Amino acid sequence: MRRRDSRENLPWPAAPIPPIPTFTKELDSVEVIDRLGRWHGELEHFLHIWRRRDVTFYRRLPRIEEQIRLWMQRTAEYLPDGIGTDDGLHGWSLESLMGECHELLGRALSESNDPEKDAEAVREFKLAMALVPGRSKYWYSYVRHLIVRGNIQEALKEINAVEYLIVARERESLAHHIVNWALAHPEIGTGISPDVIKQCISLVSLAGTGLLIRGCPLPHPPPEKWRRTEILRVLWAGMQCSAPVDELCQREGIDEATYYRWRKRHLPPEWGAAPALV
C-alpha cells in the first residue's frame, strides 16, 4: 500500500524549477532589477514552499544552486558597479542584491545535507553579512544553519554577540527564535547571556503576539491539558514583571507551586528569577 503523501492536500502544486529570464544589454537598470527580483523571488519560493524535504526536492536542489550562481553572474554582468539607492531603483543597491544572492545560496547549500558543503554555506552567509551589515535575515539564516548542523558553541557565540539593534529591528520575530533556540538546546539555554534573553522577552511582550502577555492572559479551558506553548506563555509573563506571581497564578487558575515547578522544568536556571523589565 502506497504511503499517503502529506503534500497531496496542499492548495499548490509541487514547485517547478523557475525559468531563467532573458537579459540583454539594451535593458535599462530598472528592468534588469525587476527581472532579477522576480527571479530571486521564485528561487526563494522554491526553498520555502517545500515543507517536506523529499526525493524530488533533493533531485531539483542542484539545479536551483546553479540558477542562484547564474543569478549572481547576471547581476554582476548587467548592473553597473556604481548603482545605489540614490538611483531610485526600488531602494536596491548592488551590495544588497549580491547580499540577497549570497544568503539564498547559503540556504540552498545548507539544505543539501552534504557535510562537504557546510564550509561553503558558512562562507556564503558571512559574505552576505559583510555586504549588508546589520541585516537580521542574514544573521538568522547563519545561526540557524549552525544549530541545524550541531555547531551549538559557535551559534551561542553569535547569539551572545548579537547587536541589540538587530533584534529590535525585527522585534518579536527574531526574539522568538532566540528564546526558542534557548529552550530547545540546553547548551544555548545554559550559556546565553541573561541580558540578551531579557531583551528578547521584553521585545516579544511589547508586540503582544499571544505567546507573551501584557495584562489579561489568554484563557485556558480547565478540562484540557496544558500545552507547552501555554506553559511558556505563563512563565514568560512572569518574567515581564507585569503582575506579581500570586496574581498571575490566580488569573491563570493554577497554584504557585505549579508555577515554580514549571519554571524549574522549562526555564534554564541561569536565566535567574529576576523578571525582564518592559
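The values are calculated or read from the model by the stated rules, or taken from the named source; none is laboratory data. Since this is a predicted model, take the numbers as computed values, not measurements. Neighbour counts run over all protein chains shown; Cβ positions are idealised from the backbone, glycine included.
Points worth noting:
- Complete set of residues in the range 59-79 that are of a type outside the set (A, V, I, L, M, F, W, C) and either in contact with a helix residue (DSSP H, G or I) (Cβ under 8 Å, 6 or more places away or on another chain) or closer than 26 Å to ASP28 by Cα (or both): ARG60, GLU65, GLU66, GLN67, ARG69, GLN73, ARG74, THR75, GLU77, TYR78
- Residue match in the range 18-29 (condition: free of Cβ contacts under 8 Å to residues at least 24 places away in the same chain and surrounded by 13 or more Cβ atoms within 10 Å (Cβ to Cβ)): yes
- Qualifying residues in the range 141-192 (those that are at pLDDT below 80 and among the basic types (Lys, Arg)) - the one nearest to CYS101 (Cα to Cα): ARG169
- Being in contact with a Leu (Cβ under 7 Å, 6 or more places away or on another chain), assigned to a helix (DSSP H, G or I) and closer than 27 Å to GLU42 by Cβ holds for only one residue in ARG107, ARG144, and it is ARG107.
- The range 213-260, residues that are in a loop (DSSP other than H, G, I, E, B) and at pLDDT 65 or above: GLU224, LYS225, TRP226, ARG227, MET239, PRO244, GLY253, ILE254, ASP255
- SER141 meets the conditions (1) buried (at least 16 other Cβ atoms within 10 Å of the Cβ); (2) without any contact (Cβ under 8 Å) to a residue 12 or more places away in the chain in every case but one. The failed one is (2).
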